[in-house]
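Structure first, then comments.
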Amino acid sequence: MRTVRTSAPGKLIILGEHAVVYGKPAVALAIDRRITCTVSLSSETVINGRAFDANKHPYFDHMMRYSNSPLRIETESDIPSGSGLGSSAALSSSFLKAVSVMNGVHIDNKKLATDAFLTEYNVQGRASPLDTSASTHGNGVSLNGPEESGEHLWDITMNENTWSVRNVKIPKMTMVIGYTGLHAATGPLVEKVRRYKDKCKFASDIVDEIGQTTLEGMDALRKGDIAELGDLMTKDHKLLSILGVSCNELNKLVNASLRHSYGAKLTGAGGGGSMIALTDEPEKVCEAISLRGGTPFIVKTGEPGARVE
Ligand code: MEV
């Protein structure tokens with residue numbers, strides 16, 4: 001029986017999460033943590049040994065509409081779910097790539113990123129195509145950055161927003177991730193920011209300031225100015241905290257890392273999940289994160305996107 005194996009990477013967001021949902025710029029890098037899907041034809045759809053259940057498998061409920069037949073699906077992940085590291089985007093990109101191979105249809109990265117984004121949008125509610133573009137393309141992507149931020153890849157439009165996706169050149173730098181161990185669902189956090197922003201001009205101004213900070217960060221990335229980039233990441237963390245998406249555990253890990261870092265911030269939706277630190281002293285940052293109860297790991301960035309294994 002024909003079997004297809006695909007994988008796609010998780011991501012970390014250097015700058016711009018939440019504000020990107022409203023069309024502001026953002027930058028994300030693919031990391032060396034992946035989700036792998038092994039898919040074969042079957043008389044009924046079975047996921048990791050269990051019969052498909054739309055309530056238990058909302059992502060597959062949306063994605064199976066792309067498949068021409070029922071499938072036996074096995075997933076393996078080294079990205080904790082709800083960790084802010086793009087596990088749902090990696091699952092969507094990897095699985096939809098496998099489906100296209102099973103259907104015998106070539107899928108280009110624009111369509112794969114768009115279909116994976118539609119999956120996130122349907123399951124989680126309001127979203128941007130940042131995570132799914134990073135997972136599909138790999139390396140690093142900017143959304144709505146200036147022309148100089150990198151080669152144009154594709155545009156994705158949803159309702160009133162269009163996001164222009166570019167490949168970003170990444171200078172040599174070391175990132176440490178600190179996982180709080182707290183699972184945080186993205187949808188409710190995105191909704192919390194929307195309510196705050198709709199109610200209050202101050203929150204809208206903070207979203208604008210995140211956008212401005214991200215543009216300055218894209219400039220720093222292009223110049224390879226790591227110290228400047230770190231300062232902007234720390235500033236972004238403060239702005240995200242004002243929007244109400246940080247938490248004590250994240251703040252503890254960010255503050256502990258700052259002594260040995262150019263900058264640190266929450267990454268992804270917040271509310272738990274993970275933080276990142278940009279540093280020349282990864283071992284010291286790892287120790288500081290462990291001492292405050294987090295799980296640290298040094299990540300490689302700029303990893304390849306969705307692919308057939
Ligand atoms: C989540 O990884 C990033 C958010 O900006 C949501 C999104 O862009 O879809 C919080």
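The values are calculated or read from the model by the stated rules, or taken from the named source; none is laboratory data. What you are looking at is a predicted structure, and each value in this text was computed from that prediction instead of being measured. Ideal geometry is used to build each Cβ from the backbone, glycine not excepted, and the neighbour counts take in all protein chains shown.
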Legend entry - So GLY84, is it within 11 Å of the ligand (Cβ to nearest atom), modelled with pLDDT under 95 and crowded, with 24+ Cβ neighbours inside 10 Å: yes
Legend entry - From the options LEU143, LEU153, residue that is surrounded by fewer than 24 Cβ atoms within 10 Å (Cβ to Cβ) and touching a residue at least 40 places away in the same chain (Cβ under 8 Å): LEU153
Inset, instruction - Give segment 190-234 a look and list any residue that's over 17 Å from SER128 (Cβ atoms) and touching a Ser or Thr at 6+ places or on another chain (Cβ under 6 Å), or say none. - result: LEU232
Legend entry - Residues of segment 154-184 that turn out to be more than 22 Å from LEU229 (Cβ to Cβ), hydrophobic (A, V, I, L, M, F, W, C) and touching a strand residue (DSSP E or B) at 6+ places or on another chain (Cβ under 6 Å), as a count: 2
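Kindly check whether there is at least one residue in segment 276-284 that is in contact (Cβ under 8 Å) with a residue 40 or more places away in the chain, within 16 Å of the ligand (Cβ to nearest atom) and either in a helix (DSSP H, G or I) or of a type outside the set (A, V, I, L, M, F, W, C) (or both).
Keep residues of segment 276-284 that are in contact (Cβ under 8 Å) with a residue 40 or more places away in the chain, which gives 276-280, 282.
Still in the running and within 16 Å of the ligand (Cβ to nearest atom): 276.
Subset that is either in a helix (DSSP H, G or I) or of a type outside the set (A, V, I, L, M, F, W, C) (or both): none.
No.
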Inset, instruction - Can you run down the residue pairs with Cβ atoms below 6 Å, 6 or more apart or on separate chains, where the first is in segment 4-24 and on the phi > 0 side of the Ramachandran plot and the partner is more than 8 Å from the ligand (Cβ to nearest atom) and of a type in the set (S, T, N, Q)? - result: GLY16/THR214; GLY23/ASN161
Inset, instruction - Being in a helix (DSSP H, G or I), under 20 Å from ALA19 (Cα atoms) and of a type in the set (Lys, Arg) narrows it down to one of LYS252, LYS235, so name that one. - result: LYS235
Inset, instruction - Inspect all residues belonging to segment 110-121 and state whether any of them is crowded, with 16+ Cβ neighbours inside 10 Å, of a type outside the set (S, T, N, Q) and not in a helix (DSSP H, G or I). - result: no
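Condition check: over 16 Å from LEU96 (Cβ atoms) and either among the hydroxyl-bearing types (Ser, Thr, Tyr) or touching a Pro at 6+ places or on another chain (Cβ under 8 Å) (or both). Does SER83 satisfy that?
Numbers: over 16 Å from LEU96 (Cβ atoms): yes; either among the hydroxyl-bearing types (Ser, Thr, Tyr) or touching a Pro at 6+ places or on another chain (Cβ under 8 Å) (or both): yes.
Judged against the criteria, SER83 is a match.
Taking the stated definitions as given, is GLU228 within 20 Å of VAL168 (Cβ to Cβ), out of contact with any Lys or Arg (no Cβ under 9 Å at 6 or more places or on another chain) and away from the ligand (no atom under 16 Å from the Cβ)? Break it down stepwise before answering.
On the way: within 20 Å of VAL168 (Cβ to Cβ): yes; out of contact with any Lys or Arg (no Cβ under 9 Å at 6 or more places or on another chain): yes; away from the ligand (no atom under 16 Å from the Cβ): yes.
For GLU228, the condition - within 20 Å of VAL168 (Cβ to Cβ), out of contact with any Lys or Arg (no Cβ under 9 Å at 6 or more places or on another chain) and away from the ligand (no atom under 16 Å from the Cβ) - is met.
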Inset, instruction - Looking only at segment 240-247, decide whether some residue is farther than 14 Å from LEU12 by Cβ, free of Cβ contacts under 8 Å to residues at least 60 places away in the same chain and in a loop (DSSP other than H, G, I, E, B). - result: yes
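Select from segment 35-54 the residues that are part of a strand (DSSP E or B) and among the β-branched types (Val, Ile, Thr) and write down the one among them that is nearest to the ligand (Cβ to nearest atom).
Here is the first cut: in segment 35-54, the ones part of a strand (DSSP E or B) are 35-41, 46-47, 50-51.
Cutting the leftovers down to among the β-branched types (Val, Ile, Thr) gives us 35-36, 38-39, 46-47.
Numbers: ILE35: 15, THR36: 20, THR38: 25, VAL39: 25, VAL46: 29, ILE47: 23 Å.
Selected residue: ILE35.
Among PHE52, PHE95, which is the only one that is in contact (Cβ under 8 Å) with a residue 12 or more places away in the chain, in contact with a strand residue (DSSP E or B) (Cβ under 8 Å, 6 or more places away or on another chain) and under 26 Å from ILE156 (Cβ atoms)? Don't jump to the end; show me each part of the working.
Working: PHE52 fails: under 26 Å from ILE156 (Cβ atoms).
Sole residue among the options that is in contact (Cβ under 8 Å) with a residue 12 or more places away in the chain, in contact with a strand residue (DSSP E or B) (Cβ under 8 Å, 6 or more places away or on another chain) and under 26 Å from ILE156 (Cβ atoms): PHE95.
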Legend entry - Pairs with Cβ under 9 Å, 6+ apart, first in segment 200-225 and closer than 21 Å to SER142 by Cβ, second surrounded by fewer than 16 Cβ atoms within 10 Å (Cβ to Cβ) and small (Gly, Ala, Ser): ALA220/ALA227
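Residues in segment 164-172: is at least one at pLDDT 95 or above, among the polar types (S, T, N, Q) and within 14 Å of the ligand (Cβ to nearest atom)?
The first filter runs over segment 164-172 and keeps only residues at pLDDT 95 or above, leaving 164-168.
Now narrow it down to the ones that are among the polar types (S, T, N, Q): 164, 167.
If we keep only those that are within 14 Å of the ligand (Cβ to nearest atom) as well, we get none.
No; the residues of segment 164-172 include none that is at pLDDT 95 or above, among the polar types (S, T, N, Q) and within 14 Å of the ligand (Cβ to nearest atom).
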Inset, instruction - Scan segment 103-137 for residues that are over 19 Å from TYR22 (Cα atoms) and in contact (Cβ under 8 Å) with a residue 60 or more places away in the chain and jot them down. - result: ASN109, LEU112, SER135, THR136, HIS137
Legend entry - Among the candidates LEU266, LEU221, LEU189, residue that is in a helix (DSSP H, G or I), in contact with a strand residue (DSSP E or B) (Cβ under 8 Å, 6 or more places away or on another chain) and either surrounded by 19 or more Cβ atoms within 10 Å (Cβ to Cβ) or among the polar types (S, T, N, Q) (or both): LEU221
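Is at least one residue of segment 15-34 over 25 Å from VAL141 (Cβ atoms), more than 15 Å from the ligand (Cβ to nearest atom) and not acidic (Asp, Glu)?
To start, the set of residues in segment 15-34 that are over 25 Å from VAL141 (Cβ atoms) comprises none.
Scanning segment 15-34, I find no residue that is over 25 Å from VAL141 (Cβ atoms), more than 15 Å from the ligand (Cβ to nearest atom) and not acidic (Asp, Glu), so the answer is no.
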